[in-house]
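A short write-up of the structure that comes next.
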Amino acid sequence: MNFLAHIYLSFDDEEITIGNFIADSIRGNRFDHLPEKVQKGILLHREIDTFTDSHQIPKISSKRLHKNYSHYSRVIVDIFYDHFLAKNWENYSEIPLDSYVESFYDLLENHYPILPQGTKRMMPYMIADNWIYNYSKMEGIGKVLNGMNRRTQNRSKMNFAIVDLEKHYDDFEKEFTDFFEELIVFSKHKYISLID
């Protein structure tokens, strides 16, 4: 799953949210210097990724893309799924998406000293271009895919995946909806077990 899903699946717990968000910038077990609940957020992120990678539904979504994008297809599915979460946000939260995202940016700024360098470098761009809110729009997803393609020196061709999203939109949306219901239940259970 991508940024918005990991933030959402932190269940409004601030330190868990920080850990869940920064986890991709943390290598191995090099996080014992962080506050305990932030560490638990990192562990929650990894549990969510493991569950997602082994689940049949994201595999179906990924298989549809594999011919054109090879191993990048899983990354693309993560981005597509964040789009559907943002687009259908009112089904998952009573807080409007723009307010939710602004609160998250404030949370990041409040925890700036403990953020990994990679997150600190990314933050100004993410906030200035409001990446997370713009996942709700096709134009926003197009920009994300273009940026990801540039980071692979144009090897991934991920910029073309917006065409696949448009072509199979209903299939991807149904797969996201069915999968996310299960992921919420799984993540809530893991969250409770971590903080107990």
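Residues in segment 89-100: is at least one part of a helix (DSSP H, G or I), closer than 28 Å to residue 30 by Cα and of a type outside the set (D, E, K, R)? There is no residue in segment 89-100 that is part of a helix (DSSP H, G or I), closer than 28 Å to residue 30 by Cα and of a type outside the set (D, E, K, R).
Based on what the data block shows, is residue 31 part of a loop (DSSP other than H, G, I, E, B) and surrounded by 15 or more Cβ atoms within 10 Å (Cβ to Cβ)? The answer is yes for residue 31.
Which is farther than 21 Å from residue 136 by Cα, over 14 Å from the mean Cα position of the chain (by Cα) and surrounded by fewer than 20 Cβ atoms within 10 Å (Cβ to Cβ), of 63, 40? From the options 63, 40, the qualifying one is 63. Residues of segment 171-190 that are farther than 23 Å from residue 71 by Cβ and either open to solvent by 10 Å² or more (accessible area, probe 1.4 Å) or more than 17 Å from the chain's Cα centre (by Cα) (or both): 173, 174, 177, 178, 181, 182, 184, 185, 186, 188, 189, 190. Number of residues in segment 141-170 that are closer than 24 Å to residue 97 by Cα and either touching a residue at least 12 places away in the same chain (Cβ under 8 Å) or open to solvent by 60 Å² or more (accessible area, probe 1.4 Å) (or both) equals 11.
Any chance segment 121-135 includes a residue that's within 15 Å of residue 165 (Cβ to Cβ) and either among the small types (Gly, Ala, Ser) or open to solvent by 20 Å² or more (accessible area, probe 1.4 Å) (or both)? Within segment 121-135 (the criterion being within 15 Å of residue 165 (Cβ to Cβ) and either among the small types (Gly, Ala, Ser) or open to solvent by 20 Å² or more (accessible area, probe 1.4 Å) (or both)), the answer is yes, since at least one residue qualifies.
The values are calculated or read from the model by the stated rules, or taken from the named source; none is laboratory data. Bear in mind the structure is a predicted one, so any value in this text is a computation, not a measurement. So basically every Cβ, Gly included, is an ideal-geometry build from the backbone, and we count neighbours across all protein chains shown. Keep in mind that these areas ignore ligands, DNA and RNA; they rest on the heavy atoms of the full protein, side chains included. Shrake-Rupley method; radii C 1.70, N 1.55, O 1.52, S 1.80 Å.
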